[in-house]
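In what follows, a structure is listed as structure tokens, so that the remarks can point back to it.
The values are calculated or read from the model by the stated rules, or taken from the named source; none is laboratory data. Keep in mind that what you see is a predicted model, and the values were worked out from it rather than measured. Counting neighbours? That spans all protein chains shown, and the Cβs are built from the backbone with ideal geometry, glycine included. Just the protein is used for accessible areas: all its heavy atoms, side chains included, with ligands, DNA and RNA removed. Shrake-Rupley method; radii C 1.70, N 1.55, O 1.52, S 1.80 Å.
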Amino acid sequence: MALRDRPERCPSPPRAYKKMDFLNSGNARNLRIMCEFEEPRVRLEANGIDNIVMIFGSARSRSREEYDKALKEMRDKVKVDPSVQSSLTRLERMDFLCRYHEETAKLAGLITTFSMERKKQGLPTYSVGTGAGPGMMESANEGAWRAGGDSLGFGISLPFETGLNPYVTPELGFEFHYFFTRKYWMSYKCQGLVVAPGGYGTCDELFEILTLMETGKIKRKLPVILFGEQYWKDVLNLDMMVASGLASPSELKRLYICDTAEDAFNHLKTFWLNAEAEKKAASEAPAAEPPAKRQATNGSRANAAEPERPCPQKAYKNIDFIKSPHSRQFRILCEFEETRLRLEAQGIANVLLFVGSGRLKNHDGHIQALADSMKTKDTTQTDLLARQQPFLRFHHIARDLSRQVTSWSLARQAAGKASYHVATGGGEGLLESVNEGAWEAGGKSLAFSSGSYSVGTGNVNRYVTPELAFKFHYFFTRKFWMAYKCMGLVAMPGGIGTCDELFEILTLMQTGKITRKFPVVLFGVDYWKKAVQWQKMADYGMISDDDVAHLLFTDSADTAFRHIVSYWESIEVDGQTSRALGKKKKADE
């Protein structure tokens with residue numbers, strides 16, 4: 001055996017937390033997630049940030065001067081290259097944003113000046129926060145900067161944006177990789193929401209906060225301002241959701257629509273001062289009698305009985321500790337890892353996600369509820385059920401599509417091809433009919449439940465496959481798993497929560513956080529084209545005409561089935577998805 005040369009120097013490996021190849025790998029995903037929870041918390045506490053007013057809006061807005069300059073440049077470019085005419089058309093549609101760009105900066109300045117004066121008096125302060133991008137977000141950060149104050153920026157790493165806007169206070173600027181950790185921090189200290197004109201991302205953030213309040217995940221009341229009266233009235237028909245019985249009037253009472261910085265600021269200020277007065281009054285109320293303290297043992301224990309041997313629980317079995325704030329990270333990790341392991345064990349790789357109203361009872365349940373309300377002379381309930389009746393047909397449509405997809409997938413699975421499974425939020429109403437359709441076809445279906453419904457029992461419906469029923473405490477872990485394996489989205493008629501889930505997926509695709517394209521079907525042509533004015537949103541330049549064209553509006557399960565299946569088959573190679581082929585190639589290497 002040949003003698004080996006003795007090594008001349010000792011190995012000097014980096015510490016594990018300094019190995020960037022490891023930290024950027026799939027194996028370190030949970031570590032990155034924990035960093036995105038803990039590092040912002042530490043910095044926010046260090047800078048004394050308790051109350052944030054989040055300002056959202058289009059990333060494409062400009063000041064009047066910048067807009068006019070960009071418009072002139074684009075018109076000159078079209079003269080040389082007519083192929084960019086569509087870009088000019090979209091830019092021309094955005095002229096209306098200039099006004100709100102300036103008003104947003106003014107509003108941020110008013111909030112910051114008000115907060116700085118209160119800080120001098122030792123009173124609670126309110127900081128401006130944004131998504132840290134360009135457009136309305138930059139305008140808000142600039143307004144706070146020009147007022148001489150600090151502002152926060154919750155940025156997200158995107159392929160088409162580099163860094164935060166220059167007006168974010170450096171110590172309060174965050175860049176997140178994960179949408180859900182970013183959203184967590186946007187909502188965690190939120191004490192007010194201002195939503196300027198915007199597209200998919202802006203609607204996603206609006207409906208997210210409204211859903212968190214409606215479900216009680218955000219327990220405090222927040223002022224919510226729609227900034228840009230004409231735009232929001234043209235684009236969203238929230239009154240129709242209520243009139244259809246798919247949203248409650250209480251959800252809309254939170255909204256305040258206005259057009260000027262002064263009006264928006266006065267609404268925020270009044271809300272905050274009233275909330276502070278209520279909190280002060282509650283703190284001055286007589287405190288309850290403290291529980292009697294256990295008497296200390298006096299004297300010797302020489303003649304005392306032998307104590308019993310302690311049998312403490314293992315830390316991970318101490319439920320009081322697990323439920324405490326100290327174990328938040330542990331609970332989050334459980335919701336990531338336990339879900340991943342179960343999905344892998346059940347061979348779930350591709351999901352068709354259904355979202356829709358949990359308020360709509362099936363036909364028999366509706367008839368029974370109607371009879372009960374008439375018997376008790378509950379005119380409010382009778383009126384609600386009458387308004388919901390036109391939507392009962394979507395139970396059949398949803399069940400039919402679910403049954404077709406599941407039967408098709410089972411046949412493919414038997415042939416060794418990629419399979420696709422139906423998934424819902426697990427609730428009642430239309431979601432139950434979706435899970436029922438998969439059950440009738442003899443297949444499995446999933447439920448990603450939040451465990452907190454405004455209607456129903458809060459449990460998953462009986463047609464969900466037990467091994468694939470998941471209940472989450474955290475909205476963001478639930479949203480992660482709803483999107484992670486999603487290969488198609490079907491939106492049935494629904495209210496605020498349905499819009500939240502719909503716009504979340506559309507935003508993830510539009511921003512490239514979901515890199516794959518997949519079919520998006522909206523059941524309820526009349527409902528969805530009235531509840532959200534998609535083409536109007538495009539006419540304002542907030543989304544593109546291609547974004548609208550990607551959506552399929554239909555009331556036919558057969559049409560939806562053909563559209564979805566043909567889309568999947570067009571992106572497969574030898575019956576396998578690109579994701580599965582990528583994993584196989586990696587394993588072969």
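General observations
- When a 1.4 Å probe is rolled over the protein heavy atoms, the share of accessible surface on the chain that falls to carbon and sulfur comes to 53 percent.
- Share antiparallel - DSSP beta bridges, the chain, percent rounded to 5: 5
- A 1.4 Å probe run over the protein chains yields, for segment 474-517, 20 Å² of accessible area per residue, whole-number rounding.
- For segment 348-412, diffusion coefficient by Stokes-Einstein and Kirkwood Rh (Cα), 10 °C, 1.306 mPa s, µm²/s: 114
- Taking the average, over residues, of other Cβ atoms within 10 Å as the packing measure, peptides 94-103, 2-11 rank 94-103, 2-11 from highest down.
- R0 of 30 Å, Cβ-Cβ distance A415-E467: FRET efficiency to nearest 0.05: 0.80
- Each listed q (0.14, 0.15 Å⁻¹) maps to a log10 I(q)/I(0) for segment 1-156, found by the Debye formula over equal Cα scatterers with no solvent: -0.87, -0.92.
- Estimated translational D of segment 35-95 in µm²/s (Stokes, Kirkwood radius over Cα pairs; 37 °C; 0.692 mPa s): 218
- Solvent exposure of segment 32-85, expressed per residue, is 58 Å² of accessible area, with all protein chains present and a 1.4 angstrom probe.
- For the chain, calculated [θ]222 nm from helices alone, where every DSSP H run of n ≥ 4 adds -39500 (n - 2.57): -15500 deg cm²/dmol
- Extension gain (nm, one decimal) between E39 and V80, 0.36 nm per residue minus Cα-Cα: 9.8 nm
- When only Cα pairs below 8 angstrom with a gap of at least 6 residues are kept, segment 18-148 shows a relative contact order of 32 percent.
- Contour minus Cα-Cα distance for F96 and E262 (0.36 nm per residue): 57.9 nm
- 13 Å reach of a label modelled at K119, 7 Å along Cα-to-Cβ, counting backbone N of segment 5-48: 47-48
- Only lysines eight or more places from K19 in sequence, or on another chain, were considered; those with a Cα closer than 28 Å are K183, K513, K583, K584, K585, K586.
- Kirkwood Rh, Cα atoms: Rg over Rh of segment 143-274: 0.97
- Packing-based ranking of 466-473, 394-401, 124-131 yields 124-131, 394-401, 466-473, ordered from highest to lowest mean Cβ neighbour count within 10 Å.
- Solvent-accessible surface ranking, highest first, for F22, F391, F154 at 1.4 angstrom: F22, F391, F154
- Virtual spin-label span in nm between E276 and T162, 7 Å along Cα→Cβ: 4.3
- Length gained on full extension, R562 to D574, computed as 0.36 nm times the residue gap minus the Cα-Cα distance: 2.4 nm.
- Shape call, the chain: gyration tensor on alpha carbons, a/c limit 1.5: rounded
- Debye intensity ratio I(q)/I(0), log10, segment 303-416, q values 0.17, 0.19, 0.21, 0.23 Å⁻¹ (C-alpha model): -0.95, -1.00, -1.10, -1.24
- L552 - accessible surface, heavy atoms, 1.4 Å probe, Å² rounded to 10: 40
- Rounded accessible area of Y256 (nearest 10 Å², 1.4 Å probe): 70
- Virtual paramagnetic centre 7 Å along Cα→Cβ of K536, amide N under 14 Å, in segment 54-97: none
- In units of the rule-of-thumb radius 2.2 N^0.38 Å, segment 383-519 shows an alpha carbon radius of gyration of 1.06.
- For chymotrypsin sites (Phe, Trp or Tyr not before Pro), the sites in segment 159-195 that DSSP calls loop and that have at most 12 other Cβ atoms within 10 Å are F160.
- Surface exposure of segment 97-219, expressed per residue as accessible area with a 1.4 Å probe, stands at 34 Å².
- With contacts taken as Cα pairs under 8 Å at a separation of at least 6 residues, the chain carries a relative contact order of 14 percent.
- Note on N27 and L252: the model spin-label points, each 7 Å out from Cα along the C-beta direction, lie 5.5 nm apart.
- Taking label positions 7 Å along the Cα-Cβ direction at both R309 and T515, the computed distance is 5.6 nm, reported to one decimal.
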